[in-house]
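Report on the following structure.
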Amino acid sequence: MPRLATLSAHAKGLALCACLAFVAPSAAGFSDADGRFAVKGAGNMACSEFQETLGEKSVQFGVYAGWVAGYVTGLNQAETETYDLMGWHSVTSLLLAVDAYCSRVEDRPFHQAVGQVVALMGNDRLTAFSPSVTLGEGGEAVSVYAETVRRIKQKLKQRGFYDGAVNTEYDAATSEAIKAVQEQAQLRPTGLPDQPTLTALFLVD
């Protein structure tokens, strides 16, 4: 799994700004009659403790990342009409957004911060299975859902970067349009939809 440190400083800034601009209360989840529920593992830690592990290739950081992956997997199974709540987001980008939220409420439990951020992803969820496709080769290759490719092309068209068909084919015209987005966002123009690029495309007009 890529580490937080692998994202460029600019892309991290985009993710943080998006989180700070749109954080809202999370939706109600499973709980007892009084709204209480047991929280296991790293979810009980304070936001400030999570932030101390950022950028480190430490076992503790892996614990937080694993907790988030398990949390989202559980929600994917429990939520109706949901294949993947995170849509185009990765665990890494989710943790960047959690970091932004935690910067404002350092003493809040980690699980509450994650719940707040995940609640924002409702519009990005995949409601049905979509196969994963790998784009590019070698160390720069990225994997996204086929449905994400369709959404990328739709967003590119809305923003005036692309005028072709909106489908699940990642063709040369799509790659060139993505390069234009990357250049506008001062990212390296690879033509591949990595997380910094998707942040610039979907969250920054």
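The values are calculated or read from the model by the stated rules, or taken from the named source; none is laboratory data. Owing to the predicted nature of the structure, the values given are computational and were not obtained by experimental measurement. So basically every Cβ, Gly included, is an ideal-geometry build from the backbone, and we count neighbours across all protein chains shown.
Listed here are the residues, each with its yes/no results for (1) surrounded by fewer than 18 Cβ atoms within 10 Å (Cβ to Cβ); (2) closer than 30 Å to Gly35 by Cβ; (3) more than 14 Å from the chain's Cα centre (by Cα).
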residue	(1), (2), (3)
Ala100	no, yes, no
Thr127	yes, yes, yes
Gly136	yes, no, yes
Lys157	yes, no, yes
Thr199	no, no, no
Query - Filter result (part of a helix (DSSP H, G or I), in contact with a helix residue (DSSP H, G or I) (Cβ under 9 Å, 6 or more places away or on another chain) and of a type in the set (Ser, Thr, Tyr)) within the stretch 29-84 - result: Ser48, Tyr64, Tyr71
Requested in this report: Kindly establish whether Gly191 is modelled with pLDDT of 95 or more, crowded, with 19+ Cβ neighbours inside 10 Å and either among the acidic types (Asp, Glu) or part of a loop (DSSP other than H, G, I, E, B) (or both).
Outcome: yes
Query raised in the report: Are there any pairs, at least 6 apart or on different chains, whose C-beta atoms fall under 6 Å, with the first in the stretch 24-49 and assigned by TED's automatic domain parsing to the domain that holds Tyr64 and the second surrounded by 10 or more Cβ atoms within 10 Å (Cβ to Cβ) and modelled with pLDDT under 80, and if so, which?
Result: Phe37/Ser31
Query - Pairs, first without any contact (Cβ under 8 Å) to a residue 24 or more places away in the chain in the stretch 68-81, second not hydrophobic (A, V, I, L, M, F, W, C), C-beta under 7 Å, six or more apart - result: Asn76/Thr82; Asn76/Tyr83; Asn76/Asp84
Query raised in the report: Yes or no: Val181 in a strand (DSSP E or B), at pLDDT 95 or above and not assigned by TED's automatic domain parsing to the domain that holds Trp88?
Result: no
Query raised in the report: Residue check, Ser143 against (1) assigned to a helix (DSSP H, G or I); (2) of a type in the set (Gly, Ala, Ser); (3) under 18 Å from Val91 (Cα atoms), all met but one. Which one?
Result: (1)
Query raised in the report: Quick check, is Gln186 out of contact with any Phe, Trp or Tyr (no Cβ under 7 Å at 6 or more places or on another chain), in contact (Cβ under 8 Å) with a residue 60 or more places away in the chain, outside the structural domain of Gly74 (by TED's automatic domain parsing) and buried (at least 16 other Cβ atoms within 10 Å of the Cβ)?
Result: no
Query raised in the report: Do any residues in the stretch 160-173 that are assigned by TED's automatic domain parsing to the domain that holds Val149 and at pLDDT 95 or above have Cβ atoms under 9 Å from those of residues that are outside any helix (DSSP H, G or I) and of a type in the set (S, T, N, Q), where the two are at least six apart or on different chains, and which pairs are they?
Result: Thr168/Ser130
Report task. Please verify whether the stretch 126-137 includes one or more residues that are part of a helix (DSSP H, G or I) and either in the same structural domain as Cys47 (by TED's automatic domain parsing) or modelled with pLDDT of 90 or more (or both). Result -> no
Requested in this report: Name the one entry in Ser93, Ser26 that is assigned to a loop (DSSP other than H, G, I, E, B), of a type in the set (S, T, N, Q), surrounded by 15 or more Cβ atoms within 10 Å (Cβ to Cβ) and at pLDDT below 90.
Outcome: Ser26
Query - In the stretch 138-155, the residues that are crowded, with 16+ Cβ neighbours inside 10 Å and among the charged types (D, E, K, R) - result: Glu147, Arg150, Arg151, Lys153, Lys155
